[in-house]
Amino acid sequence: MSLNEVLQPMSLPAWLVALPLLAAGLSVVMPRCSVWTAFFSAITTPFLVVCLGREIFFHGSIEIHVGGWQTPLGISLYADGLSTAMLGVTALVFGIVTFYARPYFSGHAVARHFWPLWLFLWSALNALFLSADIFNLYVTLELLGLSAVALVALSQTGDALTAAMRYLLVSLTGSLMYLMGVAFLYAANGTLSLKMLAIVGPASPSVVTAFALMAAGLIMKSALFPMHFWLPPAHANAPAPVSAVLSALVVKASFYILVRLWVMLFEPSIPAIVAQLLGILGMAAIIWGSVQALLAERLKLLVAYSTVAQIGYLFLVFPLSLLPQVGKTAWQGGLYFLFSHACAKSAVFLAAGTVIHTFGHDRINELHGIVRRLPVSMFAFGLAGVSLIGLPPSGGFIAKWLYLNASLSGGQWWWGVLIILGGLMSTAYIFRFFSRAFSHSEEIVGERPAPRGMEWTAFTLALCSLILGLIPGSVIKMLEIGNPF
Amino acid sequence: MTVPNMYALVGVGLLCMGLYGLVMHSHLVRKILALNVSGSGVFLFLVALADQTPGPTPDPVPHAMVLTGIVVAVSATALALALACRIQQVNGTLRLSDNEPE
Amino acid sequence: MTTEFSKKLPEIMTRRSAESLLSRSGQAMTIIGVSLLALILGYSLWTLPPFSDRMVTLVSDNMAISGVENPVTAVLLNFRGYDTLLEIGVLLLAVVAVFSIAPSPALLATSPPSPMATLLLRLLLPFVVLVGGYILWVGSYAPGGAFQAGAVLAAGGILFTTVTARWHPLANKAIPFAMGAGLLIFVLVALATMMVTGNFLQYPETRAGMLILLIEAAATMSIAVILTLLFVGGEPGEISPAQGENKHTVSFNKENRSE
Amino acid sequence: MDNFANYGAFTLDAILALVLLTLAWLLLRSRDLFKAIVLFISFGLLMSLAWVRLKAIDIALAEAAIGAGLTGALFLSALGRIRQYSRKDRRQQKTSRPFRNRD
């Protein structure tokens, strides 16, 4: 059987779920080979995503019916431009961070448990982005949440364990709320398929309640202000590769579900004031997260609070997309934000992990002149910072540009003011760290040299966030496929 | 009021009581207990609605969903309890709020 | 003065929010919020349209080609088998997670098992295995199936570990395989059916019953082992408590430490 | 006669519903953790009775085995371990607290 026969276009989504899951199972059964199963996954999954991307680019979106059962009875997997782009970012970040994690964990006893959990997290994300069934999404959310919690707890310090516990409680409560919403939707419509639910009529109280429950659960999981309290400790105390994917992808996964539900089911039947409310929460998140990042004393905590702020930007998409004629621009801006933040933030977390690996701590005030020891990591930090601030030519700039466009031509200029203000604040907290890192000071002695692989992986991700700023046309064209918005 | 509706209301009650317990208790094991009660409430709600079908047999799809949910719940509970035990061992306390920075 | 305040601000904020959960006003707010939620949910329940029997009809129409006769098993392993695949993944993930967190096995052999307990075990275990096997088999026709059978077998496993509190060295080698077999066989069958029928998890009609039983048998074994291990709460084979205590003090902890 | 059976069934359901709610309330309010866990196990057993009443025999089996039995066992063993650790902790408290270093 040739490779072309095995990788038929219609089987690509199934392979994307099955392969990491198989690798995860194998790494449990054969712990000695777990690194190699992870590497195998890190090479094959991006390849599969590229195949899928090429397929849908030329032939349009794909829907497959698992088990051959048509939708109301069975589950369908759906790959349009949006889900393929999410899969692509996941494959990019996971693929690169896997090569960072290898030196990071080498020789540690926890590596044995890290690799299976890592692969489970990856398969959960792939399954989540492909799923077109609201109950199947619940199962993927649980798979995602439990593996993320276990990964946070991996370093076994008191703070990490407490953070993991808090994360677990929030995550489980969020899943329960979501499941209750699923129950309402199923009772009202008799189907679980996202596409078939899409034809719901005018808003009945049960539909509104279902939306409220699901949105509440997903907001808890994606740490929108004021449900952000669990995120900074969890992301700051996790091992660096874990923090990178948690900030880059895991919080975005629940945001992605919310976007899908909003666009496919709820937008016509939910009053516009709800979107304004989500936007206001996003605004509060931007301000609160930025202020906390300015006050943070530890580098990883700074980066984690910056994630709280950046999640705020994502939620601005809800009010902006309702403005007349600029809806599409707003969605493109929001998703561009998501992608460029995924690359930039994972790069920053990896660089911060390298700092800790080298100096044994991440207290910002004691990190004077570290650029001489870690030039590549600091350069990566800087490149990613450009994207986080939103300076050209970076993915962050394109995202903010699209947002500004939407808010000004849609007539709600105050969101634009907020975006510029947020950019200024992120400049402040990034330069607060840089002023130390690049300062002249007495020679500091690192405890141990940083492996080159750790430095260059961070750099690669930072470069990706920059490259995103150079190819907006093709990314936006990709997002159009299947007309998700 | 029909019987399935009554059970659905009990499910709502259990969910809300569990959420109340989750917020009120600071002891971790109690929080986990409360979450389990909430979960039972959601499951009961789902199956009670499935029993409202016009025909004699209830809808099997919610039954399968709840079976899945029960297994997921026991996995999550095991993980949560393992974490709680480890927190007790490392921090010497089982209350999250005690653990704020001093 | 200002710098000191700015240093303390995040701490003050977090402490306040933590304490407010326990304060009087916090309690009142919670009660009001939860009651409101109950009212809203109850009202929405009231306004739900009558439950459609579309799914019941669909399931019963397709029962003949599902390979089993119990509708719930048909939904679990055929119509929505993909959910179950991921769910077995959740179980395996949970046991790995518990291993990664637990410092050492909960049950350490302190004394040899009492002869009475051993005798009881000898009498009970075959019975447990028999009941588990029956529940697994009957799941195709009547209520029962892999999860229930796995749970019954796990009860036997828990009994076994609490009485003997010791693992046979051979078991340590076999346990990872037993844990992973359910997921691996499920995924492999799903991929194999994709090669044959062109669709992930679409069983050939004539083989559906057999394949479902194969998946269920592997899943039952894995579920039984995993549930037993979740109860044991630690990885078997690393019995030495001293070793267990130190297992996790690895050097990347440094990043989280501060004086 | 039929009517009578219906009333009987409804009364049974109503009592079951009330008992479920009461048990949940008691287990959430109980001051003794051990008692709360035992109440939780009996809550699970009654839940499986409710599943039978809702014609969900599969779930009733799973709930009795997993929901009540296994989850209860998990809670009890966790409680035992926690008590063991906290005793150890009290003994060690005077000498050292290696993990209590924080910011």
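The values are calculated or read from the model by the stated rules, or taken from the named source; none is laboratory data. As the structure is a computational prediction, the values presented were derived from the model and not from experiment. When we count neighbours, we look across all protein chains shown, and the Cβ atoms used for this are built from the backbone with ideal geometry, even at glycine. Only protein heavy atoms, including side chains, enter the accessible area calculation; ligands, DNA and RNA are left aside. Shrake-Rupley method; radii C 1.70, N 1.55, O 1.52, S 1.80 Å.
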Inset, instruction - Give the number of residues within segment D:36-54 that are more than 10 Å from chain B (Cβ to nearest Cβ) and open to solvent by less than 30 Å² (accessible area, probe 1.4 Å). - result: 1
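For every residue, the table says whether it meets (1) more than 19 Å from residue A:322 (Cβ to Cβ); (2) in contact with a Leu (Cβ under 6 Å, 6 or more places away or on another chain).
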| position | (1), (2) |
| --- | --- |
| A:206 | yes, yes |
| A:212 | no, no |
| A:275 | no, yes |
| A:279 | no, yes |
Legend entry - Which listed residue, of A:150, A:109, is open to solvent by 10 Å² or more (accessible area, probe 1.4 Å) and within 9 Å of chain C (Cβ to nearest Cβ): A:109
Inset, instruction - Only residues that are under 21 Å from residue C:60 (Cβ atoms) and either facing chain C (nearest Cβ under 7 Å) or modelled with pLDDT of 90 or more (or both): list them for segment A:71-80, please. - result: A:72, A:73, A:74, A:75
Legend entry - Condition check for residue D:66: out of contact with any Cys (no Cβ under 6 Å at 6 or more places or on another chain), within 25 Å of residue B:27 (Cα to Cα), crowded, with 23+ Cβ neighbours inside 10 Å and within 14 Å of chain C (Cβ to nearest Cβ): yes
Legend entry - Every residue from segment A:20-39 that is facing chain C (nearest Cβ under 8 Å) and open to solvent by 20 Å² or more (accessible area, probe 1.4 Å): A:22, A:26, A:30, A:31
Inset, instruction - Kindly indicate whether residue A:162 is crowded, with 24+ Cβ neighbours inside 10 Å, more than 17 Å from residue A:87 (Cα to Cα) and either hydroxyl-bearing (Ser, Thr, Tyr) or within 11 Å of chain C (Cβ to nearest Cβ) (or both). - result: yes
Legend entry - Lone unmet requirement of (1) under 17 Å from residue A:122 (Cβ atoms); (2) more than 9 Å from every other protein chain (Cβ to nearest Cβ); (3) open to solvent by less than 50 Å² (accessible area, probe 1.4 Å) for residue A:17: (2)
Inset, instruction - Only one of these is at the interface with chain C (Cβ under 7 Å from one of its Cβ atoms) and either open to solvent by 10 Å² or more (accessible area, probe 1.4 Å) or closer than 26 Å to residue C:79 by Cα (or both): A:120, A:211. Name it. - result: A:120
Legend entry - Some residue of segment A:372-389 being part of a helix (DSSP H, G or I), among the basic types (Lys, Arg) and within 23 Å of residue A:248 (Cα to Cα): no
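For segment C:65-99: of the residues being in a helix (DSSP H, G or I) and of a type in the set (S, T, N, Q), which is nearest to residue C:201 (Cα to Cα)?
Here the answer is C:78.
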Inset, instruction - State whether one or more residues within segment A:182-205 are closer than 19 Å to residue C:37 by Cα, among the aromatic types (Phe, Trp, Tyr), facing chain C (nearest Cβ under 8 Å) and in a helix (DSSP H, G or I). - result: yes
Inset, instruction - Tally the residues that are open to solvent by less than 20 Å² (accessible area, probe 1.4 Å), within 8 Å of chain D (Cβ to nearest Cβ) and among the β-branched types (Val, Ile, Thr), restricting the search to segment B:1-31. - result: 2
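Among the hydroxyl-bearing types (Ser, Thr, Tyr) and within 7 Å of chain C (Cβ to nearest Cβ): does that describe residue B:68?
Spelling it out, residue B:68 is indeed among the hydroxyl-bearing types (Ser, Thr, Tyr) and within 7 Å of chain C (Cβ to nearest Cβ).
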Legend entry - Matching residues in segment A:394-453 - criterion: being under 21 Å from residue A:321 (Cβ atoms) and not in a helix (DSSP H, G or I): A:411, A:412
Legend entry - Filtered residue count, segment C:12-52, keeping only those that are more than 7 Å from chain A (Cβ to nearest Cβ), modelled with pLDDT under 80 and open to solvent by 50 Å² or more (accessible area, probe 1.4 Å): 9
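I need the full set of residues from segment A:464-482 which are in a helix (DSSP H, G or I) and either more than 26 Å from the chain's Cα centre (by Cα) or surrounded by fewer than 17 Cβ atoms within 10 Å (Cβ to Cβ) (or both), in order please.
A:467, A:473, A:474, A:477, A:480 - these are the residues of segment A:464-482 that are in a helix (DSSP H, G or I) and either more than 26 Å from the chain's Cα centre (by Cα) or surrounded by fewer than 17 Cβ atoms within 10 Å (Cβ to Cβ) (or both).
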Legend entry - Filter result for residue A:66 (touching a Gly at 6+ places or on another chain (Cβ under 8 Å), crowded, with 17+ Cβ neighbours inside 10 Å and at the interface with chain C (Cβ under 9 Å from one of its Cβ atoms)): yes
Inset, instruction - Evaluate segment A:395-404: report whether one residue or more is more than 14 Å from chain C (Cβ to nearest Cβ) and either more than 29 Å from residue A:87 (Cβ to Cβ) or touching a Lys or Arg at 6+ places or on another chain (Cβ under 9 Å) (or both). - result: no
Inset, instruction - Tally the residues that are in a loop (DSSP other than H, G, I, E, B) and open to solvent by 30 Å² or more (accessible area, probe 1.4 Å), restricting the search to segment D:4-35. - result: 2
Inset, instruction - Go through C:242, C:192 for me and flag whichever is at pLDDT below 85 and among the hydrophobic types (A, V, I, L, M, F, W, C). - result: C:242
Inset, instruction - Go through (1) at pLDDT 90 or above; (2) open to solvent by 20 Å² or more (accessible area, probe 1.4 Å); (3) part of a helix (DSSP H, G or I) and name the single condition residue A:365 misses. - result: (1)
Legend entry - When residues of segment C:109-133 are limited to those that are of a type in the set (Val, Ile, Thr) and open to solvent by 80 Å² or more (accessible area, probe 1.4 Å), the one modelled with the lowest pLDDT: C:110
